Each structure stands twice: as C-alpha cells, then as structure tokens.
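Data first, discussion second: the structure below is written as structure tokens.
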Amino acid sequence: MPSLGADMVAGTLVEWRIKPGASVRHGDVVALIDTEKGIIDIESFEDGIVEKLVVQPGTRVPVGATLAFFQGEPSAPQAAGPMQAAGPPTPAPPTAAPPAAARGGKRISPAARAKARELGVDVQGIEGTGPQGAVTLSDVERAAAGVRAAAPAAKDRSGMRNAIAASMSRSKREIPHYYLQLAVDLRAALDWLETFNASRPVPERLLTAVLFNKAAARAAAERPGFNGYFGPRGFEPASSVHLGVAIALRGGGLVAPAILNAEQKPLPVLMRELQDLVTRVRAGHMRGSEIASATITVTSLGDEGVDIVYPIIHPPQVAIIGFGSVVERPWAVDGRIEARPIVNVTLAADHRVTDGRVGAQFLARIRDLLMQPADL
Amino acid sequence: MTPADATPLVTYREALREGLRDALRADPRVFLMGEDVGRYGGCYAVTKSLLGEFGEERIRDTPLSESAFVGAGIGAALGGLRPIVEIMTVNFSLLALDQIVNNAATLCHMSGGQCPVPLVIRMATGAGRQLAAQHSHSFEGWYAHIPGLRIVAPATLEDARGMLGAALRCPDPVLIFEHIGLLNMQGELTAANTPVDMDHAAVRRPGRDITLLTYGGSLYKSLEAATQLAADGVEVEVVDLRTLRPLDDALIMDSVRRTHRALIVDEGWRSGGLSAELGTRIVEQAFYELDAPIARVCTAEVPIPYPKHLEDAALPSVERIVAAARTLVSRES
C-alpha cells in the first residue's frame with residue numbers, strides 16, 4: 001500500500017485492474033485505492049508479471065502492507081518482491097507528535113483512544129490539550145464534532161475533512177511559518193498572453209494561472225530552500241519541481257495533486273496538464289504519483305475575488321505560494337499614476353529551512369519571471 | 001434539650017459517644033473496655049460520663065497491655081458477648097497486632113465458621129495535633145490488607161454515631177478508625193440514631209470532571225479543595241470511601257467512568273498503601289475510561305514530624321489537593 005500523502009496511514013483496496021499472469025509496465029494503473037482524499041488510481045513502479053494478488057477488494061490495509069507480488073521481467077531478471085511502495089520522493093512518515101512527547105510517542109489517554117476508535121477519528125491528527133500534551137476524551141470529541149459540523153457541506157467527505165484537519169493542524173503545530181507578500185504588475189504578462197492567445201484556437205489558449213504556475217516552478221527550481229521535504233533528518237531538497245496545485249472539489253474539500261517536473265514543461269503542455277488534472281480530480285481519478293509527490297504547492301483564490309491569500313504549508317513540504325485575484329489598481333509608473341493589472345503574490349515558507357531574506361528574493365524572482373513572460 | 005432545640009450542634013466526639021450510648025442501651029451483651037475509658041473518660045474524652053451511666057461491669061478500665069485486653073475482647077466475643085475495645089491510637093494497636101491478625105481475623109476461617117469473632121475495635125488515627133511520630137500515623141491501610149477484618153472510617157457525624165451499630169451487627173471483627181482531627185468538628189445531627197450501613201462508599205459532593213477518593217480526616221480538606229476548584233470551573237466529585245475493607249469498587253468505578261479522572265487523597269504513606277491499592281483497582285477495572293494519569297496526594301514519606309510547620313508540610317493539604325487536581329485537567333503539568 002503506497003503512501004499517498006504524509007498523513008495517510010491506511011487505504012482500502014477498491015478494485016484490482018490486473019490479474020495474476022498479466023504483464024505490467026511501470027506507470028500502468030494496477031488498482032484503485034480509497035483514501036481520505038477519495039479514490040486514487042495506483043500506478044505500478046515496476047515492470048513485471050503479476051504473480052499473486054495478496055489483498056482482496058474491500059480490505060483496508062496499512063501503508064506499507066504488501067498488495068501483490070510481481071515476477072520480474074525475463075529481460076531484467078530480479079527476485080519476486082513486494083511491489084515497491086516508494087515512488088518519486090516519498091514523504092516522511094507522519095510525525096504528528098508534538099515535541100514534548102517526541103520521546104515516548106504521542107500521548108493519548110486510554111479513554112481518548114477508545115472514543116476515537118468508536119467515532120472513527122484519526123487520533124494521530126488531534127492536538128492534545130491534556131496533561132503533558134496528551135490527547136484527551138474532549139479533544140477527540142471536539143475533533144469528531146468538527147468533522148460532523150463540516151459534514152452537511154461535504155457529504156461523504158468527512159474522511160477528507162479529517163485528512164485536511166490532520167494535515168493543517170500538523171502544519172500549524174510543527175512548521176514555523178513566515179509570510180511575505182509582493183504586489184506584481186501583470187501588464188507585460190497579460191499583454192503577452194493576449195497576443196499569444198489571439199493566434200490560437202480556444203482549446204489551445206492559455207490561462208493566467210499557467211503563467212503563475214510556471215513562474216512559481218521556475219523560481220522553486222532555482223532556489224532549493226523552497227522545494228522539497230522536511231523530514232526526520234531535516235530539509236531534503238527535491239531534484240525537480242513537482243508543483244502541487246490546490247484544487248477545490250465541488251461539494252467541499254480540497255486536494256493538491258502535482259504536475260510533475262513542472263519547471264521543465266512548456267506553457268502549452270502545462271496548460272493541457274492542468275486542465276487534465278482538474279477534470280480528473282473532480283471526477284475522482286487521481287493517480288497515486290500525483291497525489292503524493294508535490295514538492296511545493298501553489299494556491300490560487302483569484303476566482304473568488306480575494307486580494308491576498310495567506311496559505312498554510314502542506315507538510316512535509318516547506319513552502320506554498322498564493323496568488324490573489326488580478327485587479328486593476330493605481331500604480332506608479334515613471335512618475336505617473338496608471339491603472340495596472342496587479343496581483344498579490346504571497347509566500348508562506350518554513351523558517352526552519354529558509355529566512356525572510358531568501359524568501360524575499362524568491363518572491364522577487366517570481367515577479368521578474370512574470371514580467372518577462374516570453375521567456376517562461 | 002428543649003423541643004425547640006431539636007437539632008443542636010454536636011461534635012464528632014459527642015456523636016461517637018452517642019453511638020456508644022445507644023449500643024450499650026440496646027444490647028446487654030455490649031460492653032466497652034480499654035485504657036482509661038472509665039474514670040478518665042478516654043484519652044480523647046470520647047467515653048466521658050459513660051462509667052457513671054453504665055457502671056464498672058460495662059465500662060472497664062484495662063491494664064496498659066494492648067495485647068492482653070484485645071485478646072480478652074476476642075475471648076469475650078467468642079464467649080457470646082459483644083465487646084467494644086478502644087485502643088488509644090493506631091500506633092499502639094501494633095502491640096496487639098498478633099491478637100488482631102493471628103486470632104481475630106483468622107478464627108472464624110480456621111474453625112470452619114464455628115467460631116466467629118464479633119469484636120469491635122475502635123481506635124484513633126491520623127495526625128494534625130502535634131502528637132509526634134508515635135501517636136500520629138495512619139495504619140488503617142495496613143489493616144485493610146488483612147482478610148477476615150472489616151475496616152471502616154467514619155468521617156461524618158452521622159457515620160460517627162451510626163457505624164458502631166452496623167459494626168456490632170457484623171459477625172466479623174470490625175476496626176473503626178476515628179480521625180483525631182475530626183473530634184472537635186461540629187455540625188447538626190438528627191435526634192434519632194438512624195441506622196447506617198458500613199458497606200458502601202458515599203458521594204459527598206457530585207462533580208463531572210474528577211473523582212476524588214478519600215476518607216476520614218482528609219474528607220474535609222478534599223471538600224474545601226473541591227470548593228476552590230469549582231470557582232475555576234473544575235467540578236470535583238468527592239467520594240468518601242467509608243469502608244476501606246472491602247472497598248466499594250462499584251461506586252468507585254461508576255464515578256471514575258463518569259469523570260474519567262481519579263485523584264486519591266490518603267493521609268497514609270504512598271508506598272504500598274491504600275492509595276496504591278485504589279489506583280491499581282482503577283487501572284484494572286476502568287483503564288479504558290481514564291483520560292489522565294491517576295494522581296495521589298499522600299503524606300510525605302517521613303515519620304510524622306512534631307513541629308507544627310513540618311507536620312503541616314508532611315500532611316495532605318488543601319493546596320496540594322488543588323494543585324494535584326489541576327494537573328489532571330490542564331496541559332501545563
């Protein structure tokens with residue numbers, strides 16, 4: 001069972017897409033797994049022949065459990081072994097314990113543990129308010145009440161709400177965020193986009209969001225302190241940018257699947273992948289490699305008309321970039337006031353890894369990239 | 001007493017005496033013996049005036065030999081009487097430990113039920129009156145270790161008066177522990193000696209947050225602590241154990257299952273004491289109900305000191321009880 005997110009502890013096998021004896025290539029969808037984030041298509045990380053399916057559909061198993069055995073390809077002989085759970089940079093296992101309880105593990109009172117089991121609440125994601133930071137009965141009941149309160153807006157998504165609650169609580173508990181904000185003049189970017197789109201049929205036209213994503217990915221690739229994971233051994237930079245894109249789901253909830261190697265992809269490719277991603281995510285067809293692998297995330301609430309987003313880092317990532325809406329504002333240009341399309345770009349970054357100075361340089365780099373759209 | 005004065009204020013001491021008087025009146029087989037219980041009126045003046053009322057046959061001064069007069073009490077009980085033996089303090093009862101543990105507690109068992117020992121032993125226990133390390137200890141937890149004995153600790157006026165009757169009705173030897181800190185406690189007591197049982201604990205103050213288990217002299221410190229904690233919104237349920245052997249597991253666990261937290265206040269020492277037994281039972285029977293570690297407030301592990309400030313420092317205090325309760329409900333602990 002692959003880990004499809006730092007806070008995933010188990011998943012339910014919904015359906016096998018392979019049979020014993022079938023030939024499987026790296027990247028083939030082999031199974032559907034139900035997680036707090038919805039049903040995910042699981043891809044094989046190996047080439048081989050399916051030897052045996054271990055887990056039956058409908059079974060919930062912990063992360064790391066063996067799902068199936070593959071026989072290595074004759075051309076590349078290898079011993080039959082469990083399907084590798086590790087894909088591209090595997091996030092560290094959940095380390096939700098607050099520092100005070102780090103040595104003895106998370107403290108959970110016996111009553112809280114029993115109640116959490118009864119209510120189906122993930123106790124690891126709950127912050128304890130009891131003696132020595134222990135999770136108490138009332139902590140569990142509060143967490144469960146929170147899930148229930150969110151339930152009317154998001155039917156059947158209480159698991160996702162739980163997962164978001166766990167992840168965001170962990171983030172605010174463990175990650176010392178710092179926030180920076182920069183207003184960027186988009187006149188050059190929008191002019192370039194208009195010219196670009198004018199000569200193309202509707203399906204090939206680009207959205208502003210693609211420019212944002214590319215600029216963020218490029219800046220992240222150049223400044224490694226923002227792209228990677230913070231694990232038990234500290235910060236580990238990622239070798240390429242898997243750009244998480246926060247996508248709100250109809251009916252409530254939020255996921256941030258990744259566009260892999262986003263810094264290397266031309267704008268039209270990014271546009272296609274973004275559309276594909278949004279369509280599939282909203283239809284409930286995310287791939288495992290997308291859901292678990294983001295190295296940095298972009299969130300854009302411009303559609304909703306907000307000026308500025310103050311985002312929360314998705315652990316174990318170390319940075320998240322927010323884009324507000326693009327609005328015309330008075331802007332001083334060469335000593336005169338002009339109306340310019342302005343977007344507020346925010347950076348929330350992990351102070352354990354970077355400081356405000358490099359954060360400011362990172363934001364400035366995004367601005368510079370957006371002001372040279374032809375080079376994106 | 002005038003009719004208009006139907007519920008006068010009485011002391012714990014007077015309530016004990018009232019219980020003795022009622023027992024002596026009710027059953028001619030009942031008699032009292034012990035050191036200085038007659039002419040002197042008892043070392044704590046509990047038996048004052050009883051000699052004049054009931055005579056030397058039934059209020060008997062004894063030589064200074066705990067072993068001898070407890071043994072005589074056992075013999076009288078075996079012979080069909082209903083003796084009440086007073087031992088000055090629990091420290092002195094150690095001189096009669098052989099009679100209590102090897103004879104009183106065992107004879108019914110060893111005779112296959114043919115020789116029950118319906119003996120009642122009253123003794124003073126506890127500290128707080130600067131009587132130093134040989135007159136101030138709380139060994140009731142030791143006696144609660146012994147099968148064959150019943151151990152009770154009346155903490156209210158009603159129990160001080162009524163438990164003696166219940167003890168005399170019991171076919172087994174019963175040890176009644178009267179805390180010296182309570183003797184001068186005053187309160188209202190109904191005129192009639194309504195029978196009380198000695199089988200159950202009692203909730204003296206209901207509360208939803210913490211179960212506080214205590215008995216005897218620590219009850220009022222606990223109630224005072226509960227009042228202070230209530231001002232901060234922490235509702236403590238104060239349970240008066242009343243019977244230390246057997247313990248009323250049903251009531252204790254019922255309370256812990258409601259509050260999910262347990263605080264034990266015992267004037268005995270912590271190591272190997274009654275508080276350890278209570279804590280273990282809770283873990284055995286209500287582990288999955290616990291929402292916080294069990295906390296204990298006991299006497300410091302020293303012989304009870306003589307100087308007032310050191311004696312106070314050694315004993316459970318309202319402040320220590322309040323502090324311990326807070327550790328169960330707050331994060332900063």
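Sort out which residues of region B:5-42 are among the hydroxyl-bearing types (Ser, Thr, Tyr) and closer than 15 Å to residue B:164 by Cα, and write them in order of number.
B:12
Select the strands (runs of 3 or more DSSP E) contained entirely in region B:168-254, then report the ones holding at least 3 residues which are of a type in the set (Val, Ile, Thr).
Those strands (runs of 3 or more DSSP E) span B:210-214, B:236-240.
If you scan region A:228-238, which residues turn out to be without any contact (Cβ under 8 Å) to a residue 40 or more places away in the chain and in contact with a helix residue (DSSP H, G or I) (Cβ under 9 Å, 6 or more places away or on another chain)?
A:237
Could you check, for region A:245-254, whether at least one of its residues is touching a Phe, Trp or Tyr at 6+ places or on another chain (Cβ under 8 Å), in the same structural domain as residue A:346 (by TED's automatic domain parsing) and hydrophobic (A, V, I, L, M, F, W, C)?
No, the conditions are met nowhere in region A:245-254.
Report the residue count in region A:1-30 for those that are under 15 Å from residue A:290 (Cα atoms) and small (Gly, Ala, Ser).
Number satisfying all stated conditions: 4.
Scan region B:287-333 for residues that are exposed (fewer than 14 other Cβ atoms within 10 Å of the Cβ), among the charged types (D, E, K, R) and more than 11 Å from chain A (Cβ to nearest Cβ) and jot them down.
Of everything in region B:287-333, those that are exposed (fewer than 14 other Cβ atoms within 10 Å of the Cβ), among the charged types (D, E, K, R) and more than 11 Å from chain A (Cβ to nearest Cβ) turn out to be B:301, B:308, B:312, B:319.
Looking at the structure I just gave you, is residue A:183 in contact (Cβ under 8 Å) with a residue 12 or more places away in the chain and assigned to a helix (DSSP H, G or I)?
So residue A:183 fails the test.
Out of B:223, B:278, B:229, B:290, I need the residue that is under 23 Å from residue B:141 (Cβ atoms), more than 25 Å from the chain's Cα centre (by Cα) and modelled with pLDDT of 95 or more. Which one?
Result: B:290 is the single residue among B:223, B:278, B:229, B:290 that is under 23 Å from residue B:141 (Cβ atoms), more than 25 Å from the chain's Cα centre (by Cα) and modelled with pLDDT of 95 or more.
Give the residues of region B:255-281 that are away from chain A (no Cβ under 11 Å) and closer than 22 Å to residue A:130 by Cα, sorted by residue number.
B:255, B:258, B:262, B:263, B:264, B:265, B:279, B:280
Select from region A:102-125 the residues that are within 12 Å of another protein chain (Cβ to nearest Cβ) and not hydrophobic (A, V, I, L, M, F, W, C) and list them in ascending order.
Those that are within 12 Å of another protein chain (Cβ to nearest Cβ) and not hydrophobic (A, V, I, L, M, F, W, C): A:107, A:109, A:110, A:113, A:115, A:117, A:118.
Can we say residue A:225 is surrounded by 20 or more Cβ atoms within 10 Å (Cβ to Cβ), touching a Ser or Thr at 6+ places or on another chain (Cβ under 6 Å) and either aliphatic (A, V, I, L, M) or touching a residue at least 40 places away in the same chain (Cβ under 8 Å) (or both)?
Taking the combined requirement at face value, the residue does not satisfy it.
Out of all the residues in region A:126-140, which are surrounded by fewer than 23 Cβ atoms within 10 Å (Cβ to Cβ) and either assigned to a helix (DSSP H, G or I) or more than 9 Å from chain B (Cβ to nearest Cβ) (or both)?
A:127, A:131, A:132, A:133, A:137, A:138
So which of A:336, A:357, A:365, A:352 ends up being surrounded by fewer than 20 Cβ atoms within 10 Å (Cβ to Cβ) and under 16 Å from residue A:211 (Cβ atoms)?
The match here is A:365.
Residues of region A:233-269 being within 21 Å of residue A:204 (Cβ to Cβ), touching a Lys or Arg at 6+ places or on another chain (Cβ under 7 Å) and assigned to a loop (DSSP other than H, G, I, E, B), which ones?
none
Kindly indicate the residue of region B:263-277 that is touching a helix residue (DSSP H, G or I) at 6+ places or on another chain (Cβ under 7 Å) and touching a residue at least 60 places away in the same chain (Cβ under 8 Å) and also surrounded by the most Cβ atoms within 10 Å (Cβ to Cβ) among those meeting that condition.
Here the answer is B:267.
The values are calculated or read from the model by the stated rules, or taken from the named source; none is laboratory data. In this text, all values refer to a predicted model and were calculated from it rather than measured experimentally. A quick note on method: Cβ atoms are made from the backbone with ideal geometry, for glycine too, and the neighbour counts reach across all protein chains shown.
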